[in-house]
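The values are calculated or read from the model by the stated rules, or taken from the named source; none is laboratory data. These numbers come from a predicted model, not from an experiment. No Cβ is skipped: glycine too gets one built from the backbone with ideal geometry, and neighbour counts run over all protein chains shown.
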Amino acid sequence: MNLAFVVMLPFLGACLPPLVERVSANRTLMAFAAALMPATALALLVSPAMQVFAGETLHSTLPWIPSLDLSLAFRLDGLALLFALLVLGIGLLVILYARYYLSAKEKAGRFYAYLLLFMGAMLGVVTSDNLLLLVVFWELTSLSSFLLIGFWGHQTGARKGARMAMTVTGMGGLALLAGVLLIGDVVGTFNLQTVLESGDVIRSNPWYPVILCLVLLGVFTKSAQFPFHFWLPHAMAAPTPVSAYLHSATMVKAGVFLLARLYPALAGTDLWFMLVSMAGMLTLLWAAFVALFQHDLKGLLAYSTISHLGLITLLFGLNREMAAVAAVFHIINHATFKASLFMAAGIIDHETGTRDMRRINGLWKYMPYTAVLAMVASAAMAGVPLLNGFLSKEMFFAETLGSHQLGALSWILPVGATLGGVFSVAYSARFIHDVFFNGEPVNLPKYPPHEPPRYMKVPVEILVALCVAVGVFPAITVAGLLAVAASATLGGTLPEYHLSIWHGFNLPLVMSFVATIGGVLAYTQRRRLFDVWARLPQLDAKLVFEGRVQQIGRWAAALTGRFQNGSLQSYVAWLVTLVAVIMLTQLAPLSGLDLSQYSLPMDGVAILCTAMLVAAALLTTVLHRHRMTSIMSLSVVGLMVSLLFVRFSAPDLALTQLSVEVVTMLLLMLAMYFLPVRTKVESSSIRVIRDILLAVICGAGVATLAFLVMTGETSTISQFFMDNSKPGGGGTNVVNVILVDFRGFDTFGEITVLGVAAMGIYALLKDLELRSAKYDSLGRPWARDAHPLILVTISRPLLPLALLIAVYIFLRGHNLPGGGFVAGLITSVALVLQYVASGVGWVHSRMPGDYHPVVALGVLLAGLTGVGSWAFGYPFLTSDFTYIYWPVVGKFELATAMLFDTGVFLTVVGATLLMLANLGKLSLLDDKREDA
Amino acid sequence: MDSLIEWAVSIFVIIGGVFALVGSIGLTRLPDFYTRLHGPTKATTLGVGGAIMGSLIYFSWQEHALQLHEVLITLFLFITAPVSAHMLAKAAMHRDLKRMRETRGEPWKQ
């Protein structure tokens, strides 16, 4: 069975709850729909799990992007199995829990969809057998957790918390990506198995410190280790099922999972020890200390989670095999007791309406059953004997005692560990005592609180039962899973150890004893501790973070505003300056131009045309304030250019240039209607000089470039096109064959851009209101005869004639100058003539005036033609052609390129008419306003 | 080339050229807008028409088949030139341009 399929199941399952939500608002039904796929995945994992317990490692690989060494490679070894069970198992419990947690008003379908997306991403992280794939899933967990934390998007806290979590873990993800890329560079592959086996290569590489730091950045941000711990408490704005799932059992465990996963590849050095264990120790102590002072129930649990993650990190950092076993064990234990605690906190929040421990007191009387469950779970968190937390905490104490890597300062580790234990007992005591005893509840929003629905307690019961079972009978419950997971972490070897409750009277037991007594003492003396806390400077991470974010936003806005200031002239100036700089730097080192190489014959016509071109261009610039004259002289430029194209045997270009010229003139005229006939002098002379300089430099540069290209001795691919146009593309017009066949993908891209531009113009012009001048330049009202009879009468019979020519040009395009682009322009011009002559109303009463579907149809047709070649086993946009004999016409060529060209044709017609017709319609608004 | 054909082509091209030249001179020399309007219309119809006839004969003889593309061009010109002249005249009247005393007719409100 393919592992990839199992990983895909939650992603598939994410579609189900929203679909159910459309049909019915029944939350139970949605919960079942959500649970379907994870349950299937869990069932499918049973038989592979047996193989893993037998000592096998399962792999499955599907190629994805082989050139990047990125494949859909999945593996199932002990570690992956352990995490997969956590993700799916606790996931199922959370789905059940959320069914009762979410109120009927909330969009449960969407919630479940996000949850399943996250589940799939997490499952992907833990089963990836390719480091790049792991990073992909890693980022997916960040994204989906953003959606989950921000699920109550109407609350500012939720939005800010989600953004903060996203930013911090996202940055970490980027660092991780960099680290993974370096690992891939060092090892030569991203295959996890190979990477794990080449630990020595990585550790001896000079880049090792960089790799380690980058990977650890990813780990520490994800697992909320100091100094990146601040996002986790703010992520508590999420609905409690999310906190129970993401912030206790799964997502924050992704970081420590990665420590375990890469343990054989990266661990074992002094640097690893210093960075990982010190970060872990600091986190453990600081978070455990802060947890004691939280008044928010979930805040306490959040800091306690950070502290326990610190404990796990510290264990991995010790570079001792037994410590890694203890770390894996604590991952399991923490997931069970913390998830149940979060769920219990959610129940309390649900039933009392608040999470403030100063108000929730004495709940023992109101919900004794929940109280028992929560008390057992928090006893496990404190490390009370006969519960699972005790076992791993004992191992933790033993390992800190056994580490001598700090030399004479080695005593710091066990002392720190005991201190952490003290705080952990203290905040557990506070959780139990403040919430369930300590007098009467104060001013609860919901009074009196009562037990939650029966099935809301089931997930908590299951998890608490697991805590007890593991705590009492470790050897028959968890030992097997722990053994395979730990041996996978350590790369196959497993140290000698025994899971039992009683190890004899030894130092770790003494430390446990001290921690318990100390914790209880600390709790009884909490008034003094609170006084100390009150005198500490308070720093709200959210405020600091938001401040920074807004500051960066302001900087970015200021920087953008400098360049993107709304002045089109300045954009062009920037662009042209850049071009000028590039050309100056690139052209300057070249040797002088050899004018004698210019080999085209010069004749009178060409010289005359060129001279007129130059004169007209100059005139356009000089007269630019007299818009009409300037446009006229611009059209002379266009005409001369197309004549020169004809002169230098580029009939295709000439045809296109000519039709583009007509459309451009029409467009300019339409736009001019809204502009004053003359413009004032607005630019200073410095600016004029600057613009002249820029223009001269760029013009000279382009001329030089063109000259160099034309006289250069470089070999070009033109000959290939010439040779293959007929046999390969079936057309003798090389230009057209290049457009629709050789470089068809380019053309496809271009018409897409054209389509997008047309849509943009459509969006800009939609609902735009422009006031046009009522009078012409002489102060006269516009002529009343808007549609002169002669023009109307003549233009109508012209339409079929022009369309005939368009068809002709289109059909011959493959072999003679023409093609879809020119034909499209001719059609557009013919139709625009009808608009001009007979008016928008007349045209739109005879044909639909919506052109955006035409554009879309064109792009779609061209795309489908390209896709069509897949059906015959050829690459995208392979063209085929054949010859058929028609009775009258004779031999006639049919090419798939023609279909593609039809797409081009439609896009051009649609885009051109969309622009012109919509711009033209603007001038009608005034008339409408007057009519109204 | 057959000399008859050569003669025919030459005559048409020359006719076309003369009309184009006369039209262009008229465009610059005639005194007011309405009279100047006559120049380019002559050039586009008769001038281009002559050149097109020459081209038609030449290519039909060259290709040994009747070439009708040119006829189409003539057709389009014959249709469009009067319309553009008409529109120009209307615009001129609307803008109440100066007239020579000899220019007959009165502009009316457009």
Quiz item: Within region A:719-754, can you find the residues that are assigned to a loop (DSSP other than H, G, I, E, B) and either touching a helix residue (DSSP H, G or I) at 6+ places or on another chain (Cβ under 8 Å) or acidic (D, E) (or both)?
Solution: A:G730, A:G731, A:T732, A:N733
Quiz item: What helices (runs of 4 or more DSSP H) completely inside region B:21-110 contain at least 2 residues that are surrounded by 14 or more Cβ atoms within 10 Å (Cβ to Cβ), among the aliphatic types (A, V, I, L, M) and away from chain A (no Cβ under 14 Å)?
Solution: B:48-63
Quiz item: Is one or more of the residues making up region A:268-275 under 20 Å from A:L315 (Cβ atoms), surrounded by fewer than 24 Cβ atoms within 10 Å (Cβ to Cβ) and among the aromatic types (F, W, Y)?
Solution: yes
Quiz prompt | Hits in region A:646-663 (condition: touching a residue at least 12 places away in the same chain (Cβ under 8 Å) and of a type outside the set (A, V, I, L, M, F, W, C)) | solution = A:R647, A:P651, A:D652, A:T656, A:Q657, A:S659, A:E661
Exercise. Return yes or no: is B:K98 in contact (Cβ under 8 Å) with a residue 12 or more places away in the chain, within 23 Å of A:A783 (Cβ to Cβ) and not aliphatic (A, V, I, L, M)?
Key: yes
Quiz item: How do the helices (runs of 4 or more DSSP H) wholly within region A:503-577 filter down when requiring 1 or more residues that are among the basic types (K, R): which remain?
Solution: A:526-535, A:541-563
Quiz item: Is it true that A:K726 is of a type in the set (K, R), surrounded by 14 or more Cβ atoms within 10 Å (Cβ to Cβ) and either under 19 Å from A:A897 (Cα atoms) or over 44 Å from the mean Cα position of the chain (by Cα) (or both)?
Solution: yes
Practice problem: Write out, first by first residue and then by second, each pair whose Cβ atoms fall under 7 Å of each other, whose residues are 6+ apart or on separate chains, and whose first residue, in region A:443-454, is at pLDDT 80 or above while the second is assigned to a helix (DSSP H, G or I) and hydrophobic (A, V, I, L, M, F, W, C). | Solution: A:P449/A:L363; A:P452/A:I347
Quiz item: Somewhere in region A:782-791, is a residue under 19 Å from A:L913 (Cα atoms) and among the β-branched types (V, I, T)?
Solution: no
Self-check item: Number of the condition not met by A:T221 [criteria: (1) crowded, with 24+ Cβ neighbours inside 10 Å; (2) touching a residue at least 60 places away in the same chain (Cβ under 8 Å)]
Solution: (2)
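Can you work out which of the residues in region A:779-836 that are β-branched (V, I, T) and loosely packed, with under 15 Cβ neighbours inside 10 Å is nearest to the other protein chains (Cβ to nearest Cβ)?
Just the residues of region A:779-836 that are β-branched (V, I, T), to begin with: A:790, A:792-794, A:805, A:807, A:809, A:822, A:826-827, A:829, A:832, A:836.
Now restrict to residues that are loosely packed, with under 15 Cβ neighbours inside 10 Å: A:790, A:793, A:807.
Values: A:I790: 5, A:T793: 9, A:V807: 14 Å.
Out of the qualifying residues, it is A:I790.
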Quiz prompt | Scan of region A:183-195 for residues that are closer than 15 Å to A:R75 by Cα and surrounded by fewer than 20 Cβ atoms within 10 Å (Cβ to Cβ), ordered by number | solution = A:Q193, A:T194
Self-check item: Verdict on A:H404 being in the same structural domain as A:S340 (by TED's automatic domain parsing), under 23 Å from A:H295 (Cα atoms) and surrounded by fewer than 19 Cβ atoms within 10 Å (Cβ to Cβ)
Solution: no
Practice problem: May I ask you to say which residue of A:T610, A:T716 is under 46 Å from the mean Cα position of the chain (by Cα) and either free of Cβ contacts under 8 Å to residues at least 60 places away in the same chain or in a helix (DSSP H, G or I) (or both)? | Solution: A:T716
Quiz prompt | Near pairs, Cβ below 8 angstrom, 6+ apart or cross-chain, from region A:113-137 (in a helix (DSSP H, G or I)) to any residue that is at pLDDT below 95 and acidic (D, E) | solution = A:L132/A:D69
Quiz item: Has region A:743-758 got at least one residue that is more than 16 Å from A:D901 (Cα to Cα) and surrounded by 15 or more Cβ atoms within 10 Å (Cβ to Cβ)?
Solution: yes
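Is one or more of the residues making up region A:175-182 assigned to a loop (DSSP other than H, G, I, E, B), without any contact (Cβ under 8 Å) to a residue 60 or more places away in the chain and either surrounded by fewer than 20 Cβ atoms within 10 Å (Cβ to Cβ) or not assigned by TED's automatic domain parsing to the domain that holds A:Y245 (or both)? Talk me through it step by step, then tell me what you get.
Applying the first criterion (assigned to a loop (DSSP other than H, G, I, E, B)) to region A:175-182 yields none.
No, region A:175-182 contains no residue that is assigned to a loop (DSSP other than H, G, I, E, B), without any contact (Cβ under 8 Å) to a residue 60 or more places away in the chain and either surrounded by fewer than 20 Cβ atoms within 10 Å (Cβ to Cβ) or not assigned by TED's automatic domain parsing to the domain that holds A:Y245 (or both).
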Self-check item: Options A:T664, A:T716, A:T656, A:T621; residue that is closer than 27 Å to A:A830 by Cβ, among the polar types (S, T, N, Q), out of contact with any Gly (no Cβ under 6 Å at 6 or more places or on another chain) and surrounded by fewer than 16 Cβ atoms within 10 Å (Cβ to Cβ)
Solution: A:T664
Quiz item: Just to be sure, is A:D767 at pLDDT below 90, out of contact with any helix residue (DSSP H, G or I) (no Cβ under 7 Å at 6 or more places or on another chain) and either surrounded by 22 or more Cβ atoms within 10 Å (Cβ to Cβ) or away from chain B (no Cβ under 14 Å) (or both)?
Solution: yes
